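These notes concern the structure reproduced below.
The values are calculated or read from the model by the stated rules, or taken from the named source; none is laboratory data. Being a predicted model, the structure only gives us computed values, none of them experimental. Note: ideal-geometry Cβ built from the backbone for every residue, glycine included; neighbour counts use all protein chains shown.
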C-alpha cells in the first residue's frame with residue numbers, strides 16, 4: 001500500500017507533467033468536530049458581540065478539514081492510488097458549536113509523461 005502521506009491531492013483534473021494511467025474511483029474523507037462544553041468555546045460564542053474572529057471555532061474548522069483530507073488520502077492509498085484529482089470540500093454546521101467536513105475526489109494513478 002502507498003503511504004497515505006505521499007498521496008498528492010489537487011483540485012484540478014490534470015497535473016502538469018503527469019498523465020492519469022488508471023482511474024480507481026471516488027474516495028471520501030470526513031470528520032465531525034464538536035467544541036461543546038469547553039470554556040474557550042463558550043468565550044468564542046461571546047466574540048460576535050465584539051465583532052472579532054471566533055478563534056476557537058476557526059481552529060475546530062481547520063482541524064476538521066485536516067482530518068478529512070488525511071482520511072481522503074488513506075482511502076485513496078487503500079485503493080492503490082498515488083493521487084486524488086478533482087478534490088472538492090464541503091463543510092457544514094451540525095449545531096452552533098459542531099462542524100462537519102467532507103473531502104471527496106477521484107483516486108488515480110499518475111505516471112510521469
Output the residues belonging to segment 9-31 that are in contact (Cβ under 8 Å) with a residue 60 or more places away in the chain and part of a loop (DSSP other than H, G, I, E, B). 10, 11, 12, 13, 14, 15, 17
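Suppose we filter segment 79-101 for residues that are in contact with a helix residue (DSSP H, G or I) (Cβ under 8 Å, 6 or more places away or on another chain) and surrounded by fewer than 19 Cβ atoms within 10 Å (Cβ to Cβ); how many remain? Step through it out loud before you land on a result.
Just the residues of segment 79-101 that are in contact with a helix residue (DSSP H, G or I) (Cβ under 8 Å, 6 or more places away or on another chain), to begin with: 82-84, 87, 89, 91, 96-97, 99-101.
Restricting the remaining residues to those that are surrounded by fewer than 19 Cβ atoms within 10 Å (Cβ to Cβ) gives 89, 91, 96, 100.
Qualifying residue count, segment 79-101: 4.
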Can you confirm whether segment 64-84 contains a residue that is in a strand (DSSP E or B), at pLDDT 95 or above and touching a strand residue (DSSP E or B) at 6+ places or on another chain (Cβ under 8 Å)? yes
